[in-house]
């Protein structure tokens, strides 16, 4: 069960995957462009995603821009990252949909899991060297220990790794882009299906 705090703009997609083998033993499947064109990632899409992040008071610019914008720039410059099958698929879907996506090692989280907006002063480390991001006002997936993933950067402590056996994916969509999050989530599920068993994640509105 994933509890989602009330939010006027958030249109979230989520699913769980239990891998058939440790992540390091799996290979990235073929990643074609989407069969059904969801429309270009244009200023409308980018603006809607930025508005989603700004709603809680976060400023999505510079190094704090949405992860999807980083991927678009990286792809245009020929430096698209290849990390592991789950993240490679995540990045591919994010690139084409224009929506940020988080993928988190489920076994590195502590229940309960919830989605909400980070309180002022919230920070977390996002890479192995311990660099931190000020996530004040930013949407996030939380566990009992704090933020796990956000539309900007996922937390280092819950990132997927060579021995990952189960992961949860979160698609950060906007109600200003009707249906886009659902289509991106369905496509990610379909591309990831060869890696293991896909499960729905029940969503519950927070009281």
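Each Cα pair under 8 Å and six or more residues apart adds its sequence gap; the mean of these over the residue count of region 136-194 is a relative contact order of 15 percent.
Relative contact order, whole percent, for region 1-89 stands at 38, derived from Cα pairs under 8 Å and 6 or more residues apart.
With contacts taken as Cα pairs under 8 Å and at least 6 residues apart, the chain reaches a relative contact order of 39 percent. Under the classification rounded if a/c is under 1.5, otherwise prolate if a/b is larger than b/c and oblate if not, where does region 13-59 fall, given a ≥ b ≥ c as square roots of the Cα gyration tensor eigenvalues? Since a/c reaches 1.5 but b/c is at least a/b, the shape of region 13-59 is classed as oblate. With a/c under 1.5 counting as rounded, go ahead and sort region 99-195 into rounded, prolate or oblate using the C-alpha gyration tensor (a ≥ b ≥ c being the square roots of the eigenvalues; past the cut-off, prolate if a/b is larger than b/c, else oblate). Here region 99-195 falls in the oblate category. Taking other Cβ atoms within 10 Å as a rough exposure proxy, 126, 15, 80 sort from fewest to most as 80, 15, 126.
Mind checking the full-extension length gain between residue 7 and residue 111? Use 0.36 nm per residue of separation minus the Cα-Cα distance, one decimal, nm. Mind dumping the intermediate values first?
Details: separation 104, 0.36 × 104 = 37.44 nm, distance 2.17 nm.
Extra length from residue 7 to residue 111 when fully extended: 35.3 nm.
The Rg/Rh ratio of the chain, with Rg taken over Cα atoms and Rh as the Kirkwood radius over Cα pairs, comes to 0.92.
Exposure proxy check: 28, 160, 132 ranked by fewest other beta carbons within 10 Å? Could you put the intermediate results ahead of the total?
Working: 28 17, 160 23, 132 13.
The most exposed by this proxy come first: 132, 28, 160.
Quick one: grab the alpha carbon gyration tensor of region 1-121, order the square roots of its eigenvalues as a ≥ b ≥ c, and give me rounded if a/c is under 1.5, else prolate or oblate depending on whether a/b is larger than b/c. Judged from the Cα gyration tensor, region 1-121 comes out oblate (a/c at least 1.5, b/c at or above a/b).
Read-outs: derived from the displayed coordinates by stated rules, not from any lab. This is a predicted model, so every value here is computed, not measured. When we count neighbours, we look across all protein chains shown, and the Cβ atoms used for this are built from the backbone with ideal geometry, even at glycine.
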